[in-house]
Amino acid sequence: MTDARTPAIELIGIDKRFGAVHANKDVNLTIGRGSIHGIIGENGAGKSTLMSILFGFYSADKGEIRVKGETVKIRSSSDAIAHGIGMVHQHFMLVDTFTVLENVVLGAEGGSLIGPALAKARESLKHLAEEYEMDVDPDAIVGELPVGLQQRVEILKALFKGAETLILDEPTGVLTPDEADHLFRILGQLRDQGKTVILITHKLREIMAITDRVTVMRRGEVVANFETAKTNVGELAEAMVGRRVLLHVEKRPSQPGEVVLDVRHVTWKDRKGIARVDDVSFTVRKGEIVGIAGVSGNGQSELLDVISGITRPTSGEVFFEGKNIGMMGDPQYLRREGLAHVPEDRQHRGLITSFDAAESAILGWHFEESLGKGFRLDRDAVVQRCTREMADFDVRPGNPLLKSAKFSGGNQQKIILAREIERDPDLLIVGQPTRGVDIGAIEFIHKRLIALRDEGKAILLVSVELDEIRSLSDRIIVMFAGKVMGEREPGTNERELGLLMAGVTAKDAA
Amino acid sequence: MLELFFGAETLASTVRLSVPLILACLAGLWSERSGIVDIGLEGKMLIAAFAAASTAAFSGNALLALLIAIMVSLGFSLVHGYASINQRGNQVVSGVAINMLAAGLAVVLGNEWFREGGRTPALSSDARFMPIDIPGISSLYDVPLIGVLARIISGHSLLTYIAVALVPVTAWALSRTRFGLRLRAVGENPHAVDTAGISVARLRYQAVIIAGVLCGIAGTYISTSLSASFVRDMTAGRGFMALAALIFANWRAWPALWACLLFGYLQAMGTRLQGVKFGTFEIPVQFINMLPYVMTVVLLAGFIGKSVPPRASGIPYTKDR
């Protein structure tokens, strides 16, 4: 009935509004069968919404979905699954306390008792493992598996339910470069077996590496379609933001001065006595950016907490401008002394999402005399300050009275950066400055960080984005399992850094 | 002394007092395994006890009393379900509201209907769930040891046997059936259930309904089997003790049975030790009555190792993260 040329998926005139936000505007998209199709766009460009509509999580206000040429109605995820569509979400949809088998079977039990389905799943996992080099212990508890394997369970889940088309939403965010390569090999094999893969990402490199075709979205619309082989990174980036972007941050060589931060043998153990930060030592000097690279969860967050005074180290010392601050545990004192902190978790620690922007913009500085004396908070001064900072950091919309939650990720980050940078700190600690931030804002934030460095300030940067670490840092420290694996020059190639991030040192490799 | 602590009478009384705990604990288990925290076990049992005693007083029919009690308890359960599933309200607040409503409503209606200060009239044995003697078992009563066992097993009401049978049924249903798998999943990660194409709300309503039915049976047992009328606040914190047993049992069915039997035993001892003297020293009754609660606090304070609630329990489900 359908010949091989019929597209796997066609989206025709998809339109979706959330209140005032027009998330998808008349989107048309055709995805060829047996191909890997990339969808790229900035945050808020509507890619995730579009895929959620395809997977039945939301329903479109207007438009038509065709699967293998036939118009279908997808009202829920079960409809999508019935039409052979599977999705691997950015945040895994797994039950941590279940075994791999139970997770795979959930929703596809095939009868009132789960015994037969578990046996069937065990068999089919064995086949899938052989076919796609996706070995997973079927009886392992999912919560105890590393993220790379958890993702594999997600893919297996979809395949077990008979997915012909697999949607992956930002699949590499949590993976090491090696794990990402393995994932891409698996996706390649899936395509070779005739499956269709839709890859949502904001990483241009991945699009170039693996996709056959790519669709670029901007502000809810499809702005361009390319054959991957006939395009390049620059062209894609331009399509994404609608203008030329500097992909590489231009910066002069650093002029490091005296030591501002000196971390000596810092160890931090969690309640179970496991050293999450293990004998870490390094320094940061004036006028340089030191980047800490590593896969997330390798002790970077805990290290930031120690340095910013949020937690006390179990042992070791931290010197800030010559003073031992390690055991002080007084973040407010540190901020007054010129240690500014842009926390990793913007939504929870960076600002209070239910506060208006002006209030979020003074968090941690509310005691300042200029914002009111004694018990009084001078509302006008607070709003004025925020207005000024918003203009300076190009926050959009520039409305200090808007709730913090209403700003996009990039603009929230700008509010926080403005708050910290405007106080003229001597040392800026910044965690994941561009996580969930769109390209335009990334460029802006990177420029500001470089400018701050050129003013002679010290910056400690923690990021899981290796590209970001490489383009901003003057020195790179790689952390793995709480330990410093080594220090490298920013020019060091990605493979070497990737191995360090996976805990493989040059000695092991040799 | 041995007879006092481990005699057939003490143990049989343990079983009798454990029954409402077991039923309520299983009700809590079903509800919380699906992610709905149920503080309202106490209130549902109480209103069911009142409904059962009133129906029995009016009709003289124990089975009808059970049916009505289940329906009333179910009604309260669905209110809790609506508040926590559809309206995404705070489940603890909703549960507390149900407890207060039940306590007040039972007394007000009782006073209006029977004019006995909130009590219901004493029930005749036809209107109650009376002990059933297993045929022929009395011949075993005089055999050593087996006789004790026989006397513990026999002579309970139908509801007791139902309660005990529900333990293996619950354990089996949770671990072996599709419904059990989905229910456990929805209590751990409702997002996973939703993306697997299963309705989160429907599963949770099913769990809440089961909890309502079980509390209905528990309440009926309290007012028509354990006693012969309804008295205000007669559940006496059993719903909360069941919650403690649930935590103690780490949200699993078999351990829940043992925990409830332990609490039931302590309650039985409380009654048995009244007026008993150790030498010249008489243990105050209040002290014995306190034991189950002290046990709960001590055990929960760290003597039972890790007790991990279902991860999503108490958190209303919304699609957006």
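So here's what we get for this one:
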quantity: Exclusive hit being assigned to a strand (DSSP E or B) and either at the interface with chain B (Cβ under 10 Å from one of its Cβ atoms) or surrounded by fewer than 21 Cβ atoms within 10 Å (Cβ to Cβ) (or both), set A:G38, A:G63; calculated: A:G63
quantity: Test for B:V276: is it at pLDDT 80 or above, farther than 16 Å from B:A236 by Cβ, surrounded by fewer than 17 Cβ atoms within 10 Å (Cβ to Cβ) and among the β-branched types (V, I, T); calculated: no
quantity: Flag if B:G197 is modelled with pLDDT under 95, within 14 Å of chain A (Cβ to nearest Cβ) and buried (at least 18 other Cβ atoms within 10 Å of the Cβ); calculated: yes
quantity: Flag for B:M269 being buried (at least 19 other Cβ atoms within 10 Å of the Cβ), assigned to a helix (DSSP H, G or I), in contact (Cβ under 8 Å) with a residue 12 or more places away in the chain and away from chain A (no Cβ under 14 Å); calculated: yes
quantity: Search result, residues across the range A:106-116 that are outside any loop (DSSP other than H, G, I, E, B) and more than 8 Å from chain B (Cβ to nearest Cβ); calculated: A:P116
quantity: Test: residue in the range B:33-48 that is over 16 Å from the mean Cα position of the chain (by Cα) and either among the β-branched types (V, I, T) or more than 24 Å from B:R182 (Cα to Cα) (or both); calculated: yes
quantity: Filter pass, A:D96 being charged (D, E, K, R) and over 22 Å from A:H182 (Cα atoms); calculated: yes
quantity: The range B:156-190 - residue that is under 20 Å from the mean Cα position of the chain (by Cα) and polar (S, T, N, Q) and, of those, farthest from the other protein chains (Cβ to nearest Cβ); calculated: B:S157
quantity: Only one of A:S77, A:S59, A:S52 that is in the same structural domain as A:T30 (by TED's automatic domain parsing), of a type in the set (G, A, S) and closer than 22 Å to A:V142 by Cβ; calculated: A:S77
quantity: A:I429 being closer than 27 Å to A:E321 by Cβ, touching a His at 6+ places or on another chain (Cβ under 7 Å), touching a residue at least 40 places away in the same chain (Cβ under 8 Å) and not charged (D, E, K, R); calculated: yes
quantity: Residue check, B:L291 at pLDDT 85 or above, within 23 Å of the chain's Cα centre (by Cα) and more than 30 Å from A:F98 (Cα to Cα); calculated: no
quantity: Scan of the range B:97-140 for residues that are assigned to a loop (DSSP other than H, G, I, E, B) and surrounded by 14 or more Cβ atoms within 10 Å (Cβ to Cβ), ordered by number; calculated: B:E116, B:G118, B:R119, B:T120, B:P121, B:L123, B:R128, B:F129, B:M130, B:P131
quantity: Residue satisfying condition, being over 17 Å from A:V280 (Cα atoms) and touching a strand residue (DSSP E or B) at 6+ places or on another chain (Cβ under 9 Å), within set A:L460, A:L500, A:L452; calculated: A:L452
quantity: Residue in the range A:152-168 that is surrounded by fewer than 18 Cβ atoms within 10 Å (Cβ to Cβ), among the acidic types (D, E) and assigned to a loop (DSSP other than H, G, I, E, B) present; calculated: no
quantity: Residue check, A:H22 at pLDDT below 95, within 25 Å of the chain's Cα centre (by Cα) and assigned to a strand (DSSP E or B); calculated: yes
quantity: Exclusive hit being touching a Leu at 6+ places or on another chain (Cβ under 7 Å) and outside any loop (DSSP other than H, G, I, E, B), set A:A405, A:A418, A:A358; calculated: A:A358
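One line per residue, one yes/no per condition, for (1) of a type outside the set (A, V, I, L, M, F, W, C); (2) assigned by TED's automatic domain parsing to the domain that holds A:D305:
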{"position": "A:A358", "(1), (2)": "no, no"}
{"position": "A:L371", "(1), (2)": "no, no"}
{"position": "A:F375", "(1), (2)": "no, no"}
{"position": "A:P397", "(1), (2)": "yes, no"}
{"position": "A:K406", "(1), (2)": "yes, no"}
{"position": "A:L417", "(1), (2)": "no, no"}
{"position": "A:V430", "(1), (2)": "no, yes"}
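Residue-by-condition table, conditions (1) within 10 Å of chain B (Cβ to nearest Cβ); (2) charged (D, E, K, R); (3) more than 26 Å from A:P146 (Cβ to Cβ):
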| site | (1), (2), (3) |
| --- | --- |
| A:I74 | no, no, yes |
| A:I85 | no, no, yes |
| A:V95 | yes, no, no |
| A:V100 | no, no, no |
| A:N103 | yes, no, no |
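The values are calculated or read from the model by the stated rules, or taken from the named source; none is laboratory data. None of the values given here were measured: they were computed from a predicted structure. Note that we place each Cβ from the backbone using ideal geometry, even for glycine, and neighbour counts take in every protein chain shown.
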